[in-house]
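The values are calculated or read from the model by the stated rules, or taken from the named source; none is laboratory data. Keep in mind that this is a model prediction, so the values were computed, not measured. All Cβ positions, glycine included, derive from the backbone under ideal geometry; neighbour counts span all protein chains shown. Just so you know, the surface numbers come from the protein's heavy atoms only, side chains and all, with ligands and any DNA or RNA stripped out. Shrake-Rupley method; radii C 1.70, N 1.55, O 1.52, S 1.80 Å.
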Amino acid sequence: MPQPEPRRIVLAGAGHATMVALTALGTSPRGTTVTLVSRGDSAHYSGMVPGWIEGIYPTGAMSIPLAPFAASRGVQLVSGEITGADAGALFLADGRAIAYDTLVVNAGSETRLPPPLDHPAVVPAKPFEALMAGLEAQLAVAPSFAVVGGGVAGCEIALAVAARRPDAAVTLIERAPQLLAGHPPSFASAVRRALAGRGVVLRLGVSVSALEAGALGVSAVKVGAERIAAATVVAVTGPAPPAWLAATPFRRTVDGFLAVDAAMRSISHPHVLAVGDAATRLDDPRPKAGVFSVRAGPPLAEALRRIAAGAEPAPVHLQRRALVLLATGERRAIGTRNGVTLQGRWVWWLKDRLDRAFVERLRDLPHA
């Protein structure tokens, strides 16, 4: 009796959920072939990026090389830029089409760049490869920095730059009248004190209206009538969906992310799953934050087991509240959860311990 063809599972993007799920699975589920498609040769852990900016972590400390990771788990790795998909194949920029029976999209998000921040000299916070490439050379030489966007990530980046370059002018620009308004007041106050202590100039209730050109790209930003020196501009202005999602037939939300149900399935194509920043659960949305992609990893692993067994994925229930640990420079951090705010070196020690443990767990090679 002929054996059935293995079910082809294709994972689009090496996001946190993908990496956690593949680690939980250990090997490809029986009766499947699993292919991981990534534009880079490493996955980077977002929680350690501020430490990389400050110079605490080398690039290798927060990166998971994908070739040994995939090989040890029986996963085929395909390197390439995704340009779109249809109901049965993923398309790459070099013309390849990767056929699938089940597609999992965990491609993260990009940075929304409203004008005038859509300038090629502006460094986007996401994808992280773009942030790292744009900042690496500037961190040593730029006399001034402007970080646009005062969420947790924007505050962390501004603090990390100021800690790395205390001789440079660093300005944090936030269009809202309050800093971190969605977080406990004690947390926001602690972050404001940390910014002031690092010499970061905070501009609230304003937006960048223009960029001034300099010899190497940008020399200043304008907020209203005010001119702010900024040889390097970093945009942390909220998430945008990966551009290639627009070249798919999958139902998307108004802002362009993949619309999914309680079981992480596409509303329009149930054999397509989406998790992390690239997805929006219509009945119970979550913030576009790395912690929620990490938490989606174990349910994704279980969904793939069920799919391999011919069953439907089960509904997923993710926590709403997350521990926030914000690095403030020089191995200090501020943390908050359930309305309680704590800070100091021991908070950074906890963050560092959790971050390093997460990366090491993903680096573990079960069949090496």
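Would you mind finding the one in Ile267, Ile228 that is farther than 29 Å from Glu156 by Cβ, β-branched (Val, Ile, Thr) and surrounded by fewer than 23 Cβ atoms within 10 Å (Cβ to Cβ)?
Values: Ile228 fails: farther than 29 Å from Glu156 by Cβ.
Residue meeting the stated conditions: Ile267.
Quick test for you: out of Leu103, Leu179, pick the one residue that is crowded, with 16+ Cβ neighbours inside 10 Å, within 25 Å of Phe257 (Cα to Cα) and touching a residue at least 12 places away in the same chain (Cβ under 8 Å).
Working: Leu179 fails: within 25 Å of Phe257 (Cα to Cα).
Among Leu103, Leu179, only Leu103 is crowded, with 16+ Cβ neighbours inside 10 Å, within 25 Å of Phe257 (Cα to Cα) and touching a residue at least 12 places away in the same chain (Cβ under 8 Å).
In this structure, is Asp277 in a helix (DSSP H, G or I), surrounded by 20 or more Cβ atoms within 10 Å (Cβ to Cβ), of a type in the set (D, E, K, R) and touching a strand residue (DSSP E or B) at 6+ places or on another chain (Cβ under 7 Å)?
Numbers: in a helix (DSSP H, G or I): yes; surrounded by 20 or more Cβ atoms within 10 Å (Cβ to Cβ): yes; of a type in the set (D, E, K, R): yes; touching a strand residue (DSSP E or B) at 6+ places or on another chain (Cβ under 7 Å): yes.
Taking the combined requirement at face value, the residue satisfies it.
Can you tell which of Asp255, Asp277, Asp261 is within 24 Å of the chain's Cα centre (by Cα), at pLDDT 95 or above and of a type in the set (Asp, Glu)?
Unique residue meeting the criteria: Asp261.
Check off (1) open to solvent by 30 Å² or more (accessible area, probe 1.4 Å); (2) without any contact (Cβ under 8 Å) to a residue 24 or more places away in the chain; (3) assigned to a helix (DSSP H, G or I) for Pro287 and give me the number that stays unchecked.
(3)
Determine, yes or no, whether Ala243 is open to solvent by 30 Å² or more (accessible area, probe 1.4 Å) and either hydrophobic (A, V, I, L, M, F, W, C) or under 26 Å from Lys288 (Cβ atoms) (or both). Steps first, please.
Numbers: open to solvent by 30 Å² or more (accessible area, probe 1.4 Å): yes; either hydrophobic (A, V, I, L, M, F, W, C) or under 26 Å from Lys288 (Cβ atoms) (or both): yes.
Criteria met by Ala243.
Give Asp283, Asp261, Asp255 a once-over and let me know the one that is charged (D, E, K, R) and either within 21 Å of Ala21 (Cβ to Cβ) or touching a helix residue (DSSP H, G or I) at 6+ places or on another chain (Cβ under 8 Å) (or both). Don't jump to the end; show me each part of the working.
On the way: Asp283 fails: either within 21 Å of Ala21 (Cβ to Cβ) or touching a helix residue (DSSP H, G or I) at 6+ places or on another chain (Cβ under 8 Å) (or both); Asp255 fails: either within 21 Å of Ala21 (Cβ to Cβ) or touching a helix residue (DSSP H, G or I) at 6+ places or on another chain (Cβ under 8 Å) (or both).
Result: Asp261 is the single residue among Asp283, Asp261, Asp255 that is charged (D, E, K, R) and either within 21 Å of Ala21 (Cβ to Cβ) or touching a helix residue (DSSP H, G or I) at 6+ places or on another chain (Cβ under 8 Å) (or both).
Test of understanding: among Ser144, Ser72, Ser46, which residue is closer than 18 Å to Cys155 by Cα, touching a residue at least 40 places away in the same chain (Cβ under 8 Å) and more than 22 Å from the chain's Cα centre (by Cα)? Talk me through it step by step, then tell me what you get.
Values: Ser72 fails: closer than 18 Å to Cys155 by Cα; Ser46 fails: more than 22 Å from the chain's Cα centre (by Cα).
The conditions single out Ser144.
Quick test for you: out of Arg345, Arg306, Arg337, Arg361, pick the one residue that is more than 30 Å from Pro241 (Cβ to Cβ), surrounded by fewer than 17 Cβ atoms within 10 Å (Cβ to Cβ) and over 18 Å from the mean Cα position of the chain (by Cα). Walk me through it before giving the result.
Details: Arg306 fails: more than 30 Å from Pro241 (Cβ to Cβ); Arg337 fails: more than 30 Å from Pro241 (Cβ to Cβ); Arg361 fails: more than 30 Å from Pro241 (Cβ to Cβ).
Of Arg345, Arg306, Arg337, Arg361, the one residue that is more than 30 Å from Pro241 (Cβ to Cβ), surrounded by fewer than 17 Cβ atoms within 10 Å (Cβ to Cβ) and over 18 Å from the mean Cα position of the chain (by Cα) is Arg345.
Can you run down the residue pairs with Cβ atoms below 7 Å, 6 or more apart or on separate chains, where the first is in the range 317-331 and closer than 30 Å to Ala303 by Cβ and the partner is β-branched (Val, Ile, Thr) and open to solvent by less than 100 Å² (accessible area, probe 1.4 Å)?
If the second residue must be β-branched (Val, Ile, Thr) and open to solvent by less than 100 Å² (accessible area, probe 1.4 Å), the pairs left are Ala322/Val291; Val324/Val152; Val324/Thr336; Leu325/Val347.
So which of Glu136, Glu110 is farther than 21 Å from Ala21 by Cβ, in contact with a helix residue (DSSP H, G or I) (Cβ under 8 Å, 6 or more places away or on another chain) and not hydrophobic (A, V, I, L, M, F, W, C)?
On the way: Glu136 fails: in contact with a helix residue (DSSP H, G or I) (Cβ under 8 Å, 6 or more places away or on another chain).
Only one candidate passes the filter, namely Glu110.
For residues that are among the hydrophobic types (A, V, I, L, M, F, W, C) and touching a residue at least 60 places away in the same chain (Cβ under 8 Å), scanning just the range 184-213, find the one that is surrounded by the fewest Cβ atoms within 10 Å (Cβ to Cβ).
Initially, the range 184-213 is screened for residues among the hydrophobic types (A, V, I, L, M, F, W, C), giving 187-188, 190-191, 194-196, 200-202, 204, 206, 208, 210-211, 213.
Keeping just the survivors that are touching a residue at least 60 places away in the same chain (Cβ under 8 Å) gives 187, 190-191, 194, 208, 210-211.
Numbers: Phe187: 24, Ala190: 21, Val191: 26, Ala194: 22, Val208: 25, Ala210: 11, Leu211: 22.
Out of the qualifying residues, it is Ala210.
One residue is enough: does the range 14-29 have a residue meeting the conditions farther than 23 Å from Ala263 by Cβ and assigned to a strand (DSSP E or B)?
Step one: of the range 14-29, the residues farther than 23 Å from Ala263 by Cβ are 27.
Checking which are assigned to a strand (DSSP E or B) leaves us with none.
Within the range 14-29, not a single residue is farther than 23 Å from Ala263 by Cβ and assigned to a strand (DSSP E or B).
How about the range 30-46: which of its residues are assigned to a loop (DSSP other than H, G, I, E, B), of a type in the set (Gly, Ala, Ser) and open to solvent by less than 40 Å² (accessible area, probe 1.4 Å)? Explain how you work it out, then say what you get.
To start, the set of residues in the range 30-46 that are assigned to a loop (DSSP other than H, G, I, E, B) comprises 30-31, 39-41, 45.
Now narrow it down to the ones that are of a type in the set (Gly, Ala, Ser): 31, 40.
Of everything in the range 30-46, just one residue is assigned to a loop (DSSP other than H, G, I, E, B), of a type in the set (Gly, Ala, Ser) and open to solvent by less than 40 Å² (accessible area, probe 1.4 Å), namely Gly40.
Yes or no: the range 123-139 includes at least one residue that is touching a residue at least 24 places away in the same chain (Cβ under 8 Å), open to solvent by 30 Å² or more (accessible area, probe 1.4 Å), among the acidic types (Asp, Glu) and closer than 15 Å to Trp52 by Cα.
So far as the range 123-139 goes, yes, one or more of its residues are touching a residue at least 24 places away in the same chain (Cβ under 8 Å), open to solvent by 30 Å² or more (accessible area, probe 1.4 Å), among the acidic types (Asp, Glu) and closer than 15 Å to Trp52 by Cα.
Condition check: basic (Lys, Arg), in contact (Cβ under 8 Å) with a residue 12 or more places away in the chain and open to solvent by 10 Å² or more (accessible area, probe 1.4 Å). Does Arg252 satisfy that?
Values: basic (Lys, Arg): yes; in contact (Cβ under 8 Å) with a residue 12 or more places away in the chain: no; open to solvent by 10 Å² or more (accessible area, probe 1.4 Å): yes.
No; evaluated as a whole, the condition is false for this residue.
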